[in-house]
Amino acid sequence: MELPRILDLGAAGPLWSNLSEHRGGALDLDASKVERIGGLCVQILLAAVRSWRSADKPVRIRDASDAFIACARTLGAMELVELAEAG
Amino acid sequence: MDPMEPFKATFFQECEEQMAELEAGLLALESGEGDGETINAVFRAVHSVKGGAGAFGFDSLVKFAHVFETALDAMRSGALEVEPEAVKIMLRASDVLADHVLEAKGQGQVDCARAQAMAEELAGLTSGGGEPLEEPGDGSVEGEDSFGFTPLMVDLDEAPAARAPQADVEEPGGWRLSFAPTEAMYAKGNDALLLLRELERLGAHDISLESSALPEFDFLNPEASYCKWSARLPGDVPEADIRDVFDFVGDDCPLALIHENELIKGAAPPSLVADLGLAPALASALDDPFATTPAPPPAAPVDVAALLSAARAEAPQPAPKARPAVKDAPAGEELHAGKEAGKAAAVAATIRVDLDRVDRLIDLVGELVINQAMLAQRVSEANLARSSTVAIGLDELEQLTREIQDSVMAIRAQPVKSVFQRMPRLVREIASATRKEVRLVTEGENTEVDKTVIERLSDPITHMLRNAIDHGLESPEERVAAGKPAEGVVRLAALHRSGRIVIEVSDDGRGINRPRVRDIAVSKGLIAADASLTDEEVDNLIFLPGFSTAQTISDISGRGVGMDVVKRSIQALGGRISISSQPGKGSTFTMSLPLTLAVLDGMVVTAAEHTLVAPLTAIVETLRPKPNDVRRLGPRGAVLAVRGAHVPLIDVGVALGWRPNPVDPAAGVTLLVESEVGGRAALVVDAIQGQRQVVIKSLEANYQRVEAIAAATILGDGRVALILDVDAVIDSRFLEKLESQPLAQAS
């Protein structure tokens with residue numbers, strides 16, 4: 001699943017819905033296009049990563065853009081930074 | 001109605017103030033008068049506009065303000081030098097920012113190409129024209145950028161005034177903060193990311209996300225807020241700077257902020273307690289503001305829960321949002337609660353009042369004045385002795401009424417600064433369009449005038465400035481050739497003179513080309529080819545209707561408006577305009593206007609059994625002419641000899657069509673009146689009733705425009721009296737029209 005460029009208030013609802021559709025399967029996120037993540041979408045991604053992990057489903061954030069990593073770092077979302085850096 | 005409308009209106013009102021502050025600050029920097037606080041004030045102005053715009057989702061405004069703010073921040077941190085070229089760019093950037101504000105307001109459209117070029121120039125400032133400085137955050141600034149470039153932020157670590165926060169260096173005496181965004185904050189378009197970025201720019205480190213309240217993915221509301229953040233900042237960051245970051249999220253994002261020095265002392269000062277009480281929601285939103293900080297306070301720990309409880313007990317009400325304007329009080333020092341309270345009181349000393357309410361008050365006071373005058377008239381009709389208690393009481397009432405009226409009028413009085421501040425931009429634009437070098441000098445910006453007059457000053461001043469630069473000033477080459485500095489000076493001044501406000505626009509240009517003006521006037525048939533005119537009369541030809549034509553109007557000064565229109569619009573306000581010029585040295589336009597359009601000091605006179613009011617400001621003297629001072633001129637005209645000079649004699653009753661033939665001037669009273677453009681004239685009336693202040697009631701608004709009548713008023717006896725438009729009565733065109741009428745029609 002490709003993450004959109006801007007993950008702000010407007011993107012939060014659709015992001016949650018799109019992720020919900022992948023429930024039960026692996027979580028494979030392409031973060032190459034991301035230019036910005038806001039607080040709301042970071043919450044959604046964090047909750048998703050935790051839920052998928054607790055369901056023992058694979059979680060991956062690949063090709064993360066520098067902006068994705070920088071935003072996640074600024075927001076203190078180190079779980080996402082580690083995942084993104086692991087690719 | 002959009003429920004956000006009132007908030008937007010307030011935002012735009014504040015924008016206006018911030019823009020004025022911005023321009024004033026930049027101009028001070030340009031003239032070398034600014035200091036560190038000026039740069040701070042300028043930065044805050046742009047920051048405030050950006051913050052408010054973000055709350056309303058004015059994206060392009062936010063983006064441009066951000067680029068601007070970045071450049072200003074570089075200046076603030078010392079990475080960018082305060083040199084004239086940079087300030088000039090910023091002045092032009094302030095114009096573009098103003099355009100963005102207008103666009104957000106729905107009053108125009110931003111020139112995208114210009115905005116983009118401006119943004120690039122600003123970015124060029126921070127990159128020092130060479131290697132771009134590294135951005136502290138990610139590669140992009142607030143997502144996609146409509147300008148197609150990435151604004152560059154200054155790396156504060158490398159700046160001279162760097163705060164050099166090092167996450168691995170434990171610094172006692174730093175700031176600790178914690179904040180918990182609410183759903184409302186996100187719903188208004190604000191974001192924790194933006195807050196954290198701003199904090200990073202201040203040197204925030206050890207940013208930590210607290211997500212224990214985050215539910216299972218399936219139960220998550222994607223637009224609800226579950227996380228909170230904490231961070232540390234260097235102790236030398238001014239508290240106000242940190243609070244500024246949260247200025248626009250207010251109660252939507254409870255904030256706990258504490259300086260470790262206060263923790264070390266074991267007791268927080270009252271101001272801090274009050275600050276912690278800033279958001280009552282804080283206690284529930286933040287169980288422990290420092291729970292997530294990695295290191296414990298270096299000294300005796302403080303019971304934060306008790307502190308918060310004390311804050312709740314001592315400050316149950318949210319503290320006012322207004323905070324002291326001075327932002328860089330040295331951190332770590334004792335916070336001066338008393339001083340801050342004093343400043344808060346200063347802020348509270350002004351209130352915003354809807355103009356309609358003030359107008360209503362002024363109307364009512366006007367009625368009070370009329371009522372008081374009517375009462376005085378009744379008392380005088382009752383033939384009571386002047387020493388009677390009723391008469392004395394009435395005198396006191398009159399005095400009190402006047403005082404009330406003056407005080408109420410003072411509420412609406414405003415310095416002309418608000419109009420003058422718009423002019424530097426205009427001058428910059430005209431100078432650039434005409435390729436002239438111009439320096440605008442303003443004087444008397446604090447001269448006060450009624451708001452109703454202020455609003456109408458802008459257009460004539462704009463036109464006079466355009467005219468001064470476009471027609472008055474020479475090109476830099478011509479100036480140098482004439483032995484003048486290449487840079488022309490245009491002076492805009494305001495002053496009070498004889499109960500009127502005088503606005504002067506002068507230039508040090510070439511002056512009026514009198515032969516050319518004369519030629520044009522002759523070719524347009526405005527004057528006879530052999531007319532003998534004084535220099536002053538030639539200068540004033542430019543105010544004649546039909547003088548300005550396509551041939552003489554350029555894109556800059558013309559815009560289809562001739563000086564005659566300017567003159568008429570000024571006259572409609574009860575004002576006058578005149579010009580004086582010295583060839584090769586420059587011209588001065590002088591415009592004089594009444595201080596208010598609400599009241600007028602007038603002389604009440606009788607003409608053909610009608611009561612009229614003549615504005616006192618126009619009257620030079622009153623006299624009763626001797627028969628041999630009057631000389632007949634033509635079949636109906638007459639002149640009066642006044643101390644060797646001859647002035648036209650005008651019978652007001654005839655001029656207004658109330659009687660067919662003039663009365664004998666020697667039998668009536670003559671008012672010698674003066675108009676700045678039309679010279680002097682003697683108005684013949686039957687009698688003078690007295691002088692009094694009258695409340696002006698617009699004829700246009702209540703009836704229709706009447707020639708030679710400026711307005712109406714209600715007198716003490718309840719009768720309506722017309723206020724004479726002296727300039728119109730003595731206007732030669734009006735007289736000619738009158739004289740061309742057959743006698744029967746005049747009656």
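The values are calculated or read from the model by the stated rules, or taken from the named source; none is laboratory data. In this text the structure is predicted, and so the values were computed from the model without any measurement. For neighbour counting, all protein chains shown are included, and Cβ atoms are generated from backbone atoms with ideal geometry for every residue, glycine included.
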Query raised in the report: Among the residues of the stretch B:575-609, how many are of a type outside the set (Gly, Ala, Ser), in a strand (DSSP E or B) and surrounded by 17 or more Cβ atoms within 10 Å (Cβ to Cβ)?
Result: 15
Query - Where B:Asp247 falls short, out of the listed (1) crowded, with 22+ Cβ neighbours inside 10 Å; (2) modelled with pLDDT under 85; (3) under 35 Å from the mean Cα position of the chain (by Cα) - result: (1)
Report task. List every residue pair whose Cβ atoms sit under 9 Å apart, with the two residues 6 or more apart in sequence or on different chains, where the first one lies in the stretch B:476-489 and is over 23 Å from B:Val505 (Cα atoms) and the second, anywhere, is surrounded by 14 or more Cβ atoms within 10 Å (Cβ to Cβ) and among the acidic types (Asp, Glu). Result -> B:Ala481/B:Glu474
Requested in this report: Name every residue in the stretch A:68-87 that is more than 7 Å from chain B (Cβ to nearest Cβ), in a helix (DSSP H, G or I) and not hydrophobic (A, V, I, L, M, F, W, C), in order of residue number.
Outcome: A:Arg73, A:Glu79, A:Glu82, A:Glu85
Query raised in the report: Within the stretch B:472-527, how many residues turn out to be β-branched (Val, Ile, Thr) and surrounded by fewer than 14 Cβ atoms within 10 Å (Cβ to Cβ)?
Result: 1
Report summary line: When every residue in the stretch B:17-41 that is part of a helix (DSSP H, G or I) and free of Cβ contacts under 8 Å to residues at least 40 places away in the same chain is compared, the one surrounded by the most Cβ atoms within 10 Å (Cβ to Cβ) is B:Gly25
Query raised in the report: Residues in the stretch A:19-32 that are within 11 Å of chain B (Cβ to nearest Cβ), farther than 23 Å from B:Pro181 by Cβ and in contact with a Leu (Cβ under 8 Å, 6 or more places away or on another chain): how many?
Result: 1
Query raised in the report: Could you say whether any residue in the stretch B:173-193 is within 41 Å of the chain's Cα centre (by Cα), buried (at least 20 other Cβ atoms within 10 Å of the Cβ), without any contact (Cβ under 8 Å) to a residue 40 or more places away in the chain and over 23 Å from B:Arg44 (Cβ atoms)?
Result: yes
Query raised in the report: Does B:Gly137 meet the test of being at pLDDT below 50, more than 9 Å from chain A (Cβ to nearest Cβ), surrounded by fewer than 22 Cβ atoms within 10 Å (Cβ to Cβ) and out of contact with any Gly (no Cβ under 9 Å at 6 or more places or on another chain)?
Result: no
Query raised in the report: Hey, any hits in the stretch B:573-582 for a residue that's touching a strand residue (DSSP E or B) at 6+ places or on another chain (Cβ under 9 Å) and at pLDDT below 75?
Result: yes
**Report entry** Considering residues of the stretch B:213-238 that are crowded, with 22+ Cβ neighbours inside 10 Å and over 30 Å from A:Trp52 (Cα atoms) only, the residue nearest to the other protein chains (Cβ to nearest Cβ)
**Finding:** B:Arg232
Report summary line: Per the list (1) closer than 28 Å to B:Leu699 by Cβ; (2) of a type outside the set (S, T, N, Q); (3) assigned to a strand (DSSP E or B); (4) free of Cβ contacts under 8 Å to residues at least 60 places away in the same chain, residue check on B:Asp564 breaks on (3)
Requested in this report: Return the total of residues in the stretch B:644-661 being part of a loop (DSSP other than H, G, I, E, B) and in contact (Cβ under 8 Å) with a residue 24 or more places away in the chain.
Outcome: 6
Requested in this report: Test A:Leu45 against the stated conditions and say whether it is more than 8 Å from chain B (Cβ to nearest Cβ), in a helix (DSSP H, G or I) and within 26 Å of B:Lys188 (Cα to Cα).
Outcome: yes
Report summary line: The one condition A:Leu40 fails out of (1) surrounded by fewer than 24 Cβ atoms within 10 Å (Cβ to Cβ); (2) touching a helix residue (DSSP H, G or I) at 6+ places or on another chain (Cβ under 6 Å); (3) facing another protein chain (nearest Cβ under 7 Å) is (1)
**Report entry** Search result, residues across the stretch A:48-67 that are touching a helix residue (DSSP H, G or I) at 6+ places or on another chain (Cβ under 7 Å), more than 8 Å from chain B (Cβ to nearest Cβ) and in a helix (DSSP H, G or I)
**Finding:** A:Val49
Report summary line: Quick count over the stretch B:412-424, residues being out of contact with any Lys or Arg (no Cβ under 6 Å at 6 or more places or on another chain), in a helix (DSSP H, G or I) and modelled with pLDDT under 85, is 1
Query raised in the report: Restricting the search to the stretch B:442-456, which residues are at pLDDT 85 or above and out of contact with any Pro (no Cβ under 7 Å at 6 or more places or on another chain)?
Result: B:Thr442, B:Glu443, B:Gly444, B:Val449
Query raised in the report: Do you know which of the residues in the stretch B:416-465 that are aliphatic (A, V, I, L, M) and within 14 Å of B:Leu593 (Cβ to Cβ) is surrounded by the most Cβ atoms within 10 Å (Cβ to Cβ)?
Result: B:Met464
Query raised in the report: Could you say whether any residue in the stretch B:205-212 is farther than 24 Å from A:Ala67 by Cα and either facing chain A (nearest Cβ under 9 Å) or at pLDDT below 90 (or both)?
Result: yes
Requested in this report: Give the stretch B:194-204 a look and list any residue that's touching a residue at least 60 places away in the same chain (Cβ under 8 Å) and either over 34 Å from the mean Cα position of the chain (by Cα) or facing chain A (nearest Cβ under 10 Å) (or both), or say none.
Outcome: B:Leu194, B:Arg197, B:Glu200
Query raised in the report: If you take the residues in the stretch A:32-87 that are small (Gly, Ala, Ser) and farther than 28 Å from B:Leu202 by Cβ, which one is nearest to the chain's Cα centre (by Cα)?
Result: A:Ala48
